[in-house]
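One structure is given here, and the rest of the page talks about it.
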Amino acid sequence: MIAYLGRIVHDNDAESKLDDDVSSISKSLDLQGSIENGDVSSLASKDFGGLYSVKPLFLIKPSGAEDISRVVKLASRTSNLTVAARGNGHSINGQAMAEGGLVIDMRSTEKNHFEFLPINGSHYIDVSGGALWEDVLTRCVSRYGYAPRSWTDYLSLTVGGTLSNAGVSGQAFRYGPQTSNVTELEVVTGKGEITICSETLNSELFFGVLGGLGQFGVITRARIKLQQAPDMVRWLRVVYSEFEEFTRDAEFLVTQKEGESFDYVEGFVFCNNYDPFNGWPSVPLDPGHEFNPTHISQTAGSILYCLEVAFHYRNSDHPTVDTAVNGLLGRLRFVEGLKSQVDVSYTKFLLRVNRAEEQVKANGPGDGPHPWLNLFVSKSDVVNFNRTVFKTMLKDGVGGPMLIYPLLRSKWDDRTSVVLPEGEIFYIVALLRFVPNGPSVEKLVAQNREIVNWCIKVGLDFKLYLPHYQSKGDWERHFGNRWSRFVERKASFDPMAILAPGQNIFRRDPSNIIISREF
């Protein structure tokens, strides 16, 4: 069988034989799931970023961990096959692709696990790595009245996908990223071993996989911490003309104790003009409320700032919500008269970005390329970043949201594979281009590169979030003094460098061939 697969990979006439090959390999592996020809499936050859397009050999739709294990073991007995786990295809730079390799469609496993677990007075949910967070949300709330504590802004992402990066949103200042809210994983390693791991069981694999960019294993099940879900959310946006006042208030809110602040804190930059995507119209929450620019000082620059916050409450708490919210707002220094607010259900609030995406797609440009850039920038350098990047390089916007808000390092576990700037407070910056008008994609990618190169040149303390580099040297700089730990984990759990080739961190060495014909 291995010799046969080698012929498929190297034979110049392979394309004419792939249909038969799919059937033969499926039978040989005894998969419960299915295999599709990589040439006839566009699913595995592209992603949300739209910047890369490569063809895998096969697309695997596994039934569960056992199928994934068989696929990885098969790859290990060849000299060059790689395996990439694909969630909902929301990567930007081809991270979930495997050129000439095997792509595993994790969505086929989404219904394998869903179990509500009360343990020692706390509550958890066991879910599949291929499940979408939006489905986890709606099922948890509707069935049990509970929900995960930490989210991403966009919930049409898989559990395994976000846990392989970090998973960040406006709740992360309080509960940490999603990687800080999981207590157990089932993982298929690069050796094809199905392993249960936690903080106390196989802990090196557990912390390695969390934020590990798919390099050490494929997450097939996760146990997520839950809390009682609120009924409603008061969702507010307030505007600032000065960056220092915006950051002072944002940092004040994220450093207050639970019960003494909002439950969600984010922020974004927008243009001081009528631009529909990056200007005044992007701020109001209520369609009936228009942005009134007369409240903006004549001395304000071309860039403004919006603090976005939310206050959770139960229906029975409604009489006291005004008092609590107004008390918090009274301590902030936003521009008087530039406040927008609505009351929405908890699930509607968390699914707000999904609805916005649907509207973008309905208007046409949603399927275009998305040259996004996400960074973590230290508090000590964020003023300089604002002055050079937002006020100069991006003063005309990016055709989509420009997020910026503070996070607390103490809410992140240093044992995971995620790397962060120094200091307790750092900012996430996300440049989320949705609209493919204006400069070409190549120019936008070049602009991203210019921003990163400037950060390096002036010595900013920063890290890429959802990182993608082209050279080993860049990856070594990214991980810094944690590079050796990352390499050691790779050697332990994926010694043949089979997993996640699209990240471009490690390459398969043809000399690492296991002489075996059993799988």
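In this simple spin-label model, placing a label point 7 Å from the Cα along the Cα-to-Cβ direction at both Asn273 and Lys443 gives a separation of 1.4 nm.
For the chain, the 222 nm mean residue ellipticity estimated from helices alone, with every DSSP H stretch of n ≥ 4 adding -39500 (n - 2.57) and the total spread over all residues, rounds to -8000 deg cm²/dmol. Taking the accessible area of region 241-348, probe 1.4 Å, and keeping the other protein chains in place, the carbon and sulfur fraction comes to 48%. Using 0.36 nm per residue and subtracting the Cα-Cα separation, the extra length available between His295 and Thr138 on full extension is 52.6 nm.
On a per residue basis, the convex hull of the C-alpha atoms belonging to the chain measures out at 151 Å³. Using the Cβ-Cβ distance between Asn453 and Lys391 with R0 set to 22 Å, the FRET efficiency works out to roughly 0.75. Of all aspartates and glutamates in the structure, those lying under 12 Å Cα to Cα from Lys411, and not within fewer than 8 positions of it along the same chain, are Glu424.
Once both labels are positioned 7 Å from their Cα atoms along Cα-to-Cβ, the gap between Asp343 and Ser28 label points is 6.4 nm. For the peptides 287-297, 305-315, 416-426, residues were scored by their other Cβ atoms within 10 Å and the scores averaged per peptide; the highest-first order is 305-315, 416-426, 287-297.
Gly190 sits among other residues whose Cβ lies under 12 Å from its own Cβ, and their net charge, with Lys and Arg +1 and Asp and Glu -1, is +3. Dipole check for the chain: with +1 at the C-beta of Lys and Arg, -1 at the C-beta of Asp and Glu, and the Cα centre as origin, the magnitude is about 580 Debye. As a fraction of the 1.4 Å probe accessible area of region 114-228, surface on carbon and sulfur atoms comes out at 43 percent. Between Arg507 and Leu117, the contour length at 0.36 nm per residue exceeds the alpha carbon distance by 136.4 nm. Multiplying the residue separation of Glu336 and Thr323 by 0.36 nm and subtracting their alpha-carbon distance yields 2.8 nm.
Peptides 217-224, 234-241 ranked from most to least packed give 217-224, 234-241, packing being the mean of other C-beta atoms within 10 angstrom over each peptide's residues. Pairs spanning more than 31 Å between alpha-carbon atoms, out of Lys339/Lys379; Lys348/Lys457; Lys225/Lys472; Lys257/Lys490: Lys348/Lys457; Lys225/Lys472; Lys257/Lys490. Near the amide H of Val398, within less than 5 Å, lie no amide hydrogens of residues on another chain or at least 5 residues away, with H placed in the peptide plane. Would you mind calculating the relative contact order of the chain from Cα pairs under 8 angstrom and at least 6 residues apart, reporting the percent as a whole number? Once normalised by length, the contact order is 18 percent. Measuring how big region 388-490 is from its alpha-carbon positions, Rg and Dmax come out at 15.4, 45 Å. If the label point is 7 Å along Cα→Cβ of Asn315, which residues in region 228-248 have backbone nitrogen under 12 Å from it? Within reach of a label on Asn315, which here means backbone N under 12 Å from a point 7 Å along Cα→Cβ, region 228-248 contributes 231-232. Rolling a 1.4 Å probe over the heavy atoms of the protein chains gives the chain an accessible area of 41 Å² per residue. Seen against the Cα atoms of the chain and their longest principal axis, helix 352-362 is set at about 70 degrees.
The values are calculated or read from the model by the stated rules, or taken from the named source; none is laboratory data. Remember, it's a predicted structure, so these values are computed and weren't measured experimentally. FYI the Cβ positions are ideal-geometry reconstructions off the backbone, even for glycines, and counts take in every protein chain you see. Quick note on the areas: whole protein, heavy atoms, side chains included, nothing else; ligands and nucleic acids left out. Shrake-Rupley method; radii C 1.70, N 1.55, O 1.52, S 1.80 Å.
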